[in-house]
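Student: Structure below; questions to follow.
The values are calculated or read from the model by the stated rules, or taken from the named source; none is laboratory data. Note that the structure is a prediction, hence the values are computed from the model and not measured. Heads up, the Cβs are rebuilt from the backbone with ideal geometry, glycines too, and the neighbour counts pull from every protein chain shown.
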There are 4 protein chains.
Amino acid sequence: MAKTPDASRRSDRSRRAILDAALELVGEVGYNKLTIEAIAARAGVGKQTIYRWWPSKAAVLLDASLALAGDAGTEGGWEGFPDTGDLAADLKYVLRATVDEMNDGKYDAPARALTAAGATDPALGAQFNEKLLEPQLALYEERLRTARDAGQIAEDTDLRLAVELLLGPLTHRWLLRTAPLTHAFTDAIVDRVLGGIARVS
Amino acid sequence: MAKTPDASRRSDRSRRAILDAALELVGEVGYNKLTIEAIAARAGVGKQTIYRWWPSKAAVLLDASLALAGDAGTEGGWEGFPDTGDLAADLKYVLRATVDEMNDGKYDAPARALTAAGATDPALGAQFNEKLLEPQLALYEERLRTARDAGQIAEDTDLRLAVELLLGPLTHRWLLRTAPLTHAFTDAIVDRVLGGIARVS
Amino acid sequence: MAKTPDASRRSDRSRRAILDAALELVGEVGYNKLTIEAIAARAGVGKQTIYRWWPSKAAVLLDASLALAGDAGTEGGWEGFPDTGDLAADLKYVLRATVDEMNDGKYDAPARALTAAGATDPALGAQFNEKLLEPQLALYEERLRTARDAGQIAEDTDLRLAVELLLGPLTHRWLLRTAPLTHAFTDAIVDRVLGGIARVS
Amino acid sequence: MAKTPDASRRSDRSRRAILDAALELVGEVGYNKLTIEAIAARAGVGKQTIYRWWPSKAAVLLDASLALAGDAGTEGGWEGFPDTGDLAADLKYVLRATVDEMNDGKYDAPARALTAAGATDPALGAQFNEKLLEPQLALYEERLRTARDAGQIAEDTDLRLAVELLLGPLTHRWLLRTAPLTHAFTDAIVDRVLGGIARVS
DNA sequence: ACTTAATCGAGACGGTACGTCCCGTCTTTCA
DNA sequence: TGAAAGACGGGACGTACCGTCTCGATTAAGT
């Protein structure tokens, strides 16, 4: 019998202020030094208003990232996955854009924080996957399906595996910082992966 | 300025007790709830003894993981990368072993914790790469070099990229928990990646 | 400036529920842990309904005690001070009754709470004196005046002082709990005080 | 198995700073608005240092008052109860001094706070009695015993009752603020009480 | 009886303080 | 002099209430 607050009476002004403050602060001080108290202070909000609606600072950041992703989508980010008919070109385009975001502190800080927190906390990780990661992976998968249906890649291709072959190396380099993230890198990934799974013409 | 303690007088008994306690505790409560105080208490050690020799709990865990990896190596883990001449078989063998470790709580908990912490904290990440990750990647790279020299894969193959193509998808699935880690999965990775970069026979 | 609510529209049901809840709760958890929120919850009332009509929890408790005292008076407590002509007997009778109340948790808890709160908060103390204490002291004083007029005690007796001589020791022992409150104690007070201020027969 | 801190390692500097801060603050803001946090801040001390050694703010104030009483005793307050042979004079002298303290905010604020808190909290009240009140009452009782032995008051006098007859009215007027505390008032108490219990010469 | 305005129950809100946990430093005592 | 022990100043935690504020839904007046 958990006391569930009445969502219809929620203050949208406070909600937005909290999400904005969380994004600002995670960029300024990093995830580990991010505190609920600081978010509340920056947002001009009582701590309880945060605890009332989110179970942890990670959850706040997840919602904040969702809002950020939503805004980015609205502001003119790509609406759906590009499909020019040229699979390699489309993948390169999208991965280059992804790399650019990963190199932009505004997106990088919260994304790293969430990914790291999710890796450690399974419950959060599940949320993260469901709400942020999975929808994106589905877009890749869909584009690959189109390509497969068009006979551009092998009929027996495991699409989900293909997505992981494309994104895995990128995520690896991003999270572990083994080397700089460049367009050349993502292009090479696309070439190598398609070289493997693409039809021999 | 007696800042640097005399390492020769260091108590090895305390050092081992601390590393053991850290590993135990990270498995029990997770990285975020792991505290220096709890490690000290579990190890039967004064807090100062930890602060004297390590700068942070992440550093303790890194050392603990190094010790763990060292033990594993000693205990009969593979000494060097297997080289039967069959590249695909060797890679599958090693990746299967890696997946088995990732599915073993004993290794999984500290590894996840360190990876996540390193993703968030660049200084720690650098240490983590240098001491734990890089040596392993180098083994893969070396094996691939042998294969390349033997003409089994294309001459112009970027070996480091190849390593990332192999390990990236695995790490992706491991950290993000998008799907279970199985031998079938790693076998498929090897097949697909080699299908792309391997010489046409 | 519609600050003063319309008393004619006040819900008497709510008012009584609040006073009852306050009395119950002060007995259960004590004054310091008594909260407006708990009173509101117990009374099935919105917090605002309390804040609308009372300035503080002390004021609520004061009203509650007044209601309690009123009820006690109605239920057959003494209406006016007894006057049998025998001053000592009348005083002993009343003081014994007072001691009995002080030993009854139902009256003791709120009375202690109010007395203590009034000792600390002058404004509340003034209210407490005016509405609860003074009327009672006046009854004693009146009975003593009758006795003085009848020549039973010295003509120059300071009646108010006499009242304090009678009630002071009782209050002292009650509040400070230096010893148990018994009929023997109050009888002894009356004897000693009258022994001093009574006419030599 | 309550964790009892090691008293021998206690910081006396912190202890004194805390007691001083508590006395200052109770005078400035009153008992109800006195907070542990404010005491810690004023004393330049971590909150835990207060919670480590005292169970409540009332307990802090009790120790502070003890220290205050100790200082007053040292500074030249009366060492023991005066005994000039004239009981009435001695009592009047001491009661006048007591009234003067009660009219001095420095002593009044913490004393009221403690008395009120003790009236509400039996455990604290017991401590208050044992450590502050009882020793003082014993001094009165001792002086009265001397007087009784000297035949100045009736042989069958209940000394403890006599003390309460003297101090009760004073405490009553002090705590309940029914009238100003003056020397005339205490003199009258002494006269009336002795008029009752003193030997007819 | 019908409107209309205030009170009502409910509870979200910006805050303050709580009492606890842990941080990293410092001090004491011992081997 | 390194180590076990743990007190210290400090900061954040998550909780409990404060007193204010908005919400419909009664509810009791005055039309």
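Student: For segment A:164-173, check the following and say yes or no: at least one residue is without any contact (Cβ under 8 Å) to a residue 40 or more places away in the chain and either more than 18 Å from residue B:177 (Cα to Cα) or more than 8 Å from chain B (Cβ to nearest Cβ) (or both).
Tutor: no
Student: Name, by its number, the condition in (1) closer than 25 Å to residue B:185 by Cβ; (2) outside any helix (DSSP H, G or I); (3) in contact with a Pro (Cβ under 9 Å, 6 or more places away or on another chain) that does not hold for residue B:31.
Tutor: Result: residue B:31 fails condition (1) only.
Student: Considering only residues of segment A:28-67 that are among the hydroxyl-bearing types (Ser, Thr, Tyr) and touching a Ser or Thr at 6+ places or on another chain (Cβ under 7 Å), which is nearest to residue A:11 (Cα to Cα)?
Tutor: A:49
Student: For segment A:160-179, how many residues meet the condition of being in contact with a Pro (Cβ under 9 Å, 6 or more places away or on another chain) and outside any helix (DSSP H, G or I)?
Tutor: 1
Student: If residue D:30 passes every condition in (1) away from DNA strand F (no atom under 12 Å from the Cβ); (2) over 24 Å from residue D:115 (Cα atoms) but one, which one does it miss?
Tutor: Unmet for residue D:30, out of (1) away from DNA strand F (no atom under 12 Å from the Cβ); (2) over 24 Å from residue D:115 (Cα atoms): (2).
Student: Could you list, in sequence order, the residues of segment D:6-20 that are in a helix (DSSP H, G or I) and either within 11 Å of DNA strand F (Cβ to nearest atom) or more than 30 Å from residue C:124 (Cα to Cα) (or both)?
Tutor: Those that are in a helix (DSSP H, G or I) and either within 11 Å of DNA strand F (Cβ to nearest atom) or more than 30 Å from residue C:124 (Cα to Cα) (or both): D:7, D:8, D:9, D:12, D:13, D:14, D:15, D:16, D:17, D:18.
Student: Given segment B:86-128, what helices (runs of 4 or more DSSP H) lie entirely inside it while holding 1 or more residues that are at the interface with chain A (Cβ under 7 Å from one of its Cβ atoms)?
Tutor: In segment B:86-128, B:105-120, B:122-128 are the helices (runs of 4 or more DSSP H) which contain 1 or more residues that are at the interface with chain A (Cβ under 7 Å from one of its Cβ atoms).
Student: Select from segment B:5-23 the residues that are within 12 Å of residue B:44 (Cβ to Cβ) and hydrophobic (A, V, I, L, M, F, W, C) and write down the one among them that is surrounded by the fewest Cβ atoms within 10 Å (Cβ to Cβ).
Tutor: B:17
Student: Moving to a separate point now. Residues in segment D:49-61 that are surrounded by 15 or more Cβ atoms within 10 Å (Cβ to Cβ) and either touching a residue at least 60 places away in the same chain (Cβ under 8 Å) or outside any helix (DSSP H, G or I) (or both): how many?
Tutor: 4
Student: Across segment A:163-192, what is the number of residues that are at pLDDT 95 or above and either buried (at least 19 other Cβ atoms within 10 Å of the Cβ) or under 17 Å from the mean Cα position of the chain (by Cα) (or both)?
Tutor: Qualifying residue count, segment A:163-192: 19.
Student: Let me ask something else. Would you call residue C:30 within 14 Å of DNA strand E (Cβ to nearest atom) and within 30 Å of residue C:103 (Cα to Cα)?
Tutor: Criteria met by residue C:30.
Student: Could you list, in sequence order, all residues of segment A:38-48 that are surrounded by fewer than 18 Cβ atoms within 10 Å (Cβ to Cβ) and within 13 Å of DNA strand F (Cβ to nearest atom)?
Tutor: Across segment A:38-48, the qualifying residues are A:38, A:41, A:42, A:46, A:47, A:48.
Student: Hey, among the residues in segment B:37-57 that are within 10 Å of DNA strand E (Cβ to nearest atom) and small (Gly, Ala, Ser), which one's nearest to the other protein chains (Cβ to nearest Cβ)?
Tutor: Among them, the one singled out is B:56.
Student: Hey, can you tell me all the residues within segment B:142-159 that are in contact (Cβ under 8 Å) with a residue 12 or more places away in the chain, in a helix (DSSP H, G or I), crowded, with 17+ Cβ neighbours inside 10 Å and not hydrophobic (A, V, I, L, M, F, W, C)?
Tutor: B:143, the sole residue that qualifies.
Student: Follow-up. Look through C:176, C:181 and report the one residue that is over 19 Å from residue D:179 (Cα atoms) and within 7 Å of another protein chain (Cβ to nearest Cβ).
Tutor: Every option except C:176 fails the conditions.
Student: Regarding segment C:153-176, can at least one residue be identified that is assigned by TED's automatic domain parsing to the domain that holds residue C:109, polar (S, T, N, Q) and closer than 18 Å to residue D:159 by Cβ?
Tutor: no
Student: Of the residues B:115, B:4, which is touching a helix residue (DSSP H, G or I) at 6+ places or on another chain (Cβ under 8 Å) and of a type in the set (Ser, Thr, Tyr)?
Tutor: Going through B:115, B:4 in turn, just one is touching a helix residue (DSSP H, G or I) at 6+ places or on another chain (Cβ under 8 Å) and of a type in the set (Ser, Thr, Tyr): B:115.
Student: Now a separate question. One residue is enough: does segment A:62-81 have a residue meeting the conditions in a helix (DSSP H, G or I), within 16 Å of DNA strand F (Cβ to nearest atom), away from chain B (no Cβ under 14 Å) and exposed (fewer than 14 other Cβ atoms within 10 Å of the Cβ)?
Tutor: No - not one qualifying residue is present in segment A:62-81.
Student: Filtering segment C:24-37 down to residues that are within 11 Å of residue C:57 (Cα to Cα) and buried (at least 17 other Cβ atoms within 10 Å of the Cβ), which residue is modelled with the lowest pLDDT?
Tutor: In this case the residue turns out to be C:31.
Student: Sticking with this one: Which numbered condition trips up residue C:8, out of (1) more than 7 Å from DNA strand E (Cβ to nearest atom); (2) at pLDDT 95 or above; (3) more than 14 Å from every other protein chain (Cβ to nearest Cβ); (4) more than 16 Å from the chain's Cα centre (by Cα)?
Tutor: (2)
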